[in-house]
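Shown next, in structure tokens, is the structure this report addresses.
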Amino acid sequence: MGEYYDALETRDPEQRERELTAALPLQIAHAKANAPAFARLLKNVDPADVKDRRALADLPVTRKSELSDLQHGDPPFGGLAAVPLGSLARIFASPGPIYEPEGHRRDYWRLARALFAAGFRAGEIVHNTFSYHLTPAGSMLETGAHAIGCAVIPGGVGQTEQQVRAIADLKPHGYTGTPSFLRILLAKGKELGADTGSLRKALLSGEAYTKPMREEFAAEGITAVQCYVTADIGLIAYESVGSGGEGMILDENLIVEIVRPGTNTPVPPGEVGEVVVTTLTPEYPMIRFGTGDLSAFLEGHSPCGRTNHRIKGWMGRADQSAKIKGMFVHPPQIAEIVNRHKEIIRARLVVTRDAVTDIMTLKVEMGEPAENPATIAQTLQSVTKLRGSVDVVPQGSLPNDGKVIDDRRTYE
């Protein structure tokens, strides 16, 4: 291997798009034929018609928030898996519980690409501190490291002193885990007088990775980058050593859309929305899977030379439902209001509290001709069954942060 994990990373973007969309009809046909849930969801869909992103956007989104109910109704995978249980390598149980399958294919979760971009190479030793107990994170990183040709110390979580001793004795080249646990290990190493200086690289995930953390690890001589992974999909996006912290590069084996929270509709380029992923994984063929995470596409390509699309990384959660005066209000309801009033460019429901009273204000950016706010307020009440006011704000004034419902209430 050279500078890149494989030739896919530097494909001409148009070639990549052609190859991904050419695989779409085959994956959808496979899902319909082998996964009962997709047979129902896509019963009126001809796979041959889904040959570009526009056609893909017409298909329903299956959201992570629905998985628990789906799996409860049709255990263990909600009818989304396309292979028999006995043919799997592992079955994981994440909190919820939500069950996730792992197939026997090499690098099933596709983490080798992210590890390579973080600087890991064949013959090195990786100290892996992601959990090996029920959840898939430990296996994700271990199988990726094995695919590159690395040996793995299965540290898992906890037992900090024993892990530091193992690092001092075995001298791994790098670390995989959360940024906070890396800080703990480095601090424990100093406390014990143990040598952790062999750690010179790290691939981090699972929590926020801040600029002060980057600077702290750099001061320790550790080049640390992050990746965006979910238990249902595996690798979605990753940083590289040469990306300069400018966004996260998408994995090569999936199609990512950014949709308006609470809808199935892709947002304009650069706007924040929910990350929706379609995989080419045969065992678990997720078609338009809504992760519940917010992000946005970035313009241009990574400085490292990889040519795939980039996203800003994790920017919060898309599920912004709020309980107001005893009733839940959900993002799809706000989307319905926008759909009923075509003059609305963007809307944001702001929830505040005056003493003991909840107050709803729908802030809207309006095109021309502007519509009477009172008419929109009537729709707000009709859709949510709650009274609220409408505030027309200048175009472009609402933050581009993906929020549809902004709950500002405090209860102190």
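The values are calculated or read from the model by the stated rules, or taken from the named source; none is laboratory data. Keep in mind that this is a model prediction, so the values were computed, not measured. Cβ coordinates were reconstructed from backbone atoms using ideal geometry, including for glycine residues, and neighbour counts include every protein chain displayed.
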For this session: Say whether the condition of being in contact (Cβ under 8 Å) with a residue 40 or more places away in the chain and touching a Leu at 6+ places or on another chain (Cβ under 6 Å) is met by at least one residue in region 280-295.
Result: yes
Seminar exercise, completed: Of all strands (runs of 3 or more DSSP E) fully inside region 260-344, the set with 3 or more residues that are closer than 19 Å to Q226 by Cβ is 289-295
Exercise. So is E142 free of Cβ contacts under 8 Å to residues at least 24 places away in the same chain, farther than 19 Å from P282 by Cβ and touching a strand residue (DSSP E or B) at 6+ places or on another chain (Cβ under 7 Å) or not?
Worked result: yes
For this session: With the condition kept exactly as written, say whether any residue in region 374-389 is surrounded by fewer than 16 Cβ atoms within 10 Å (Cβ to Cβ), modelled with pLDDT under 95 and within 30 Å of A208 (Cα to Cα).
Result: no
For this session: Give the residues of region 267-285 that are farther than 26 Å from A33 by Cβ and crowded, with 19+ Cβ neighbours inside 10 Å, sorted by residue number.
Result: V267, V272, G273, E274, V275
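Okay, residues lined up against (1) touching a Pro at 6+ places or on another chain (Cβ under 9 Å); (2) polar (S, T, N, Q); (3) surrounded by fewer than 18 Cβ atoms within 10 Å (Cβ to Cβ); (4) farther than 25 Å from L134 by Cα:
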position	(1), (2), (3), (4)
Q163	no, yes, no, no
K171	no, no, yes, yes
T196	no, yes, no, yes
V225	no, no, no, yes
Problem set entry | Residue match in region 100-114 (condition: charged (D, E, K, R) and more than 17 Å from E283 (Cα to Cα)) | yes
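Go through region 112-133 residue by residue and tally those that are touching a Phe, Trp or Tyr at 6+ places or on another chain (Cβ under 6 Å) and either assigned to a loop (DSSP other than H, G, I, E, B) or of a type in the set (S, T, Y) (or both).
1
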Exercise. Can you find even one residue in region 46-61 that is within 25 Å of P101 (Cβ to Cβ), more than 22 Å from the chain's Cα centre (by Cα) and not basic (K, R)?
Worked result: yes
For this session: Filter region 83-139 down to residues that are at positive phi and surrounded by fewer than 18 Cβ atoms within 10 Å (Cβ to Cβ) and give me whichever is modelled with the lowest pLDDT.
Result: G96
